């Protein structure tokens, strides 16, 4: 039998539709691919019942390992458990007729943090974004969930400044047992104990490390020493030398923003004078202006 | 667990160097079936060979690879198999040009029927965007086209055996017979043409696409050497943006 020729147009079309998941067509209308990862594809879709745009993450058809299927289902369950403004909410979950799990989530419009960081934002604005990431991660830790893949590419910053921590695909419940040697995460942002597959000693402080690495990524070339010390302490190689909780990290950052002494940076007298002067710069400037005016008046009268 | 997925890969790449003559021969048959057309077009367009030389070079390439075991040296750690094969084609053509003589068809070995006039017709249609890009991109695109054609053939056979001809014809009409700048038929139009309810068009198309994907992955599994290469190729081909 002769081959059926495939034109260029057909080739492009087939590539676009061949992997389209068979999500319920009476509920969702798939529109385009908006993201692809190692595990699955994220589609922009219209929720026909509620007439709104959503995002649907579906396991890739070429991924067959039971571990991957479980991971996507676990991700959906984790997200459903974590109701927080900094964590993308899940609306629906299901399995296609050919056995591909999927979940439907809120569509987040914006840029990931690496793109956002290139927007020339002030240090203050960057730190506010970072504090929101810390809020979401601390909330997850409080519910027994460790993210394990925090990095700029997994944080979305919306058009109205909303910050969402995404991609909980390798997250786990802190109490869950894993086989030794399991390495999941992204080099560069992954804690050393996680990169070595030391499952026993990888806990929520692995996320503290990743947050330290993210903070380091956000800092300008010559950051204030206290701020650099905070990032370094968070990303310490030894988990025992890091902040022991994300809240402790966020608290130290708040102290920095309030021009108070931070735990990570033992200051000398000069540092202290500078910091106090900066903290009280407004009243200090007013007093100096008053003294200057008084002296000027005295000189004029004399 | 995805039920439509070929869970066992029957890679022919290892079988290309099998000590069993029959196993090796079958592996070369499958290899030639998928690769002969990309090789022919590649030699025609990228090496500017005339049709007769391109035919000879294509036949000779597979025959020489079989007789002399050129593909045995493939190392999955260094490159994807299709990239390695393309580099081997480059070497074969360069050597032939250096020899400056017309090639003899390799020892009378013929693996699969090669419809060169049809391939030449397709080659002449290659223009504009398709002709642009690097050698690797061109060869990759032609390789995907060939892979899809093989999968389509398998889907057609399967649909005939299982009495699903309508699903295949619908799929062919809606997804395969596409031409640029010609609008695709509507579901309503297809429903009328095939005398089925419109909802049935959706179901039949979904079925055919799912089975087509299955066959694409099956062919891909045969033509890749390792699970990593298979997963990477599958991601590249199936996850492409619309």
Within the set A:216, A:240, A:99, GNM on chain A using Cα springs under 10 Å gives the largest fluctuation to A:240
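How crowded by other chains is B:172-179, given as the mean number of beta carbons from other chains within 10 Å of each beta carbon?
Working: counts 2, 0, 2, 6, 8, 6, 9, 4.
Taking the mean over all residues of the peptide, I get 5.
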Residues A:207, A:149, sorted so that the one with the fewest Cβ neighbours within 10 Å comes first = A:149, A:207
Using just the helices of chain B, give the 222 nm mean residue ellipticity in deg cm²/dmol: DSSP H runs with n ≥ 4 each add -39,500 (n - 2.57), and the total is spread over all residues, rounded to 500.
-> -21500 deg cm²/dmol
Tilt, helix A:66-81 to longest principal axis of chain A (alpha-carbon atoms), in degrees rounded to tens, equals 50
Take the alpha carbon atoms of the range B:175-242, find their center, do the same for the range A:100-160, and report the distance between the two centers in whole angstrom.
-> 35
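With a 10 Å Cβ neighbour count serving as the proxy for reagent exposure, in which order, fewest first, do A:123, A:72 appear?
Details: A:123 14, A:72 22.
Listed from fewest to most nearby Cβ atoms, that is A:123, A:72.
Taking R0 as 56 Å, what's the FRET efficiency between residue A:25 and residue B:99 from their Cβ-Cβ distance, rounded to 0.05?
Details: r = 59 Å, r/R0 = 1.05.
With R0 = 56 Å, the Cβ-Cβ based efficiency is 0.45.
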Normalised by the number of residues in chain B, what is the relative contact order in percent for Cα pairs under 8 Å and 6+ residues apart?
-> 29
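Could the peptides B:199-205, A:132-138 be put in order, highest first, of the mean number of other beta-carbon atoms found within 10 Å of their residues?
On the way: B:199-205: 18.0, A:132-138: 22.9.
Output ranking for B:199-205, A:132-138: A:132-138, B:199-205.
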Report the percentage of all Cα-Cα pairs in the range A:169-302 whose separation exceeds 28 Å, rounded to a whole percent.
-> 39
Per residue of B:205-215, what is the mean number of Cβ atoms on other protein chains within 10 angstrom of that residue's Cβ?
-> 4
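Helix-only mean residue ellipticity at 222 nm, chain A, DSSP H runs n ≥ 4 weighted -39,500 (n - 2.57), per residue, nearest 500. What is it? Walk me through the numbers before you get to the answer.
Values: 10 runs with 122 residues, N = 302.
Result for chain A, helices only: -12500 deg cm²/dmol.
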Hull volume per residue for the range A:9-106, using the convex hull of the C-alpha atoms, in Å³ is 109
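Per residue of B:142-151, what is the mean number of Cβ atoms on other protein chains within 10 angstrom of that residue's Cβ?
Working: counts 1, 0, 4, 7, 2, 1, 8, 6, 1, 3.
Per residue, the average neighbour count from other chains is 3.
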Say R0 is 22 Å: what FRET efficiency, to the nearest 0.05, do residue B:120 and residue B:79 get from their beta-carbon distance?
-> 0.15
Across the Cα atoms of the protein assembly as shown, what radius of gyration and what greatest pairwise Cα-Cα distance (Dmax) are found, in Å?
-> 30.7, 118
Under a GNM of chain A (C-alpha, springs under 10 Å), which listed residue has the highest mean-square fluctuation: A:50, A:79, A:249?
-> A:50
So, with points 7 Å from each Cα along the Cβ direction, the residue B:67-residue A:298 label distance in nm works out to 10.9
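Would you kindly calculate the mean projected area, averaged across all directions, of the convex hull enclosing the Cα atoms of chain A, in square nanometres?
Working: hull surface 97.5 nm².
With every direction weighted equally, the projected area is 24.4 nm².
Taken together, the values in this text are just the output of simple stated rules run on the coordinates, not laboratory data. As the structure is a prediction and not an experimental result, all values here were calculated from the model. Glycine gets a Cβ as well: all are built from the backbone with ideal geometry, and neighbour counts include every protein chain shown.
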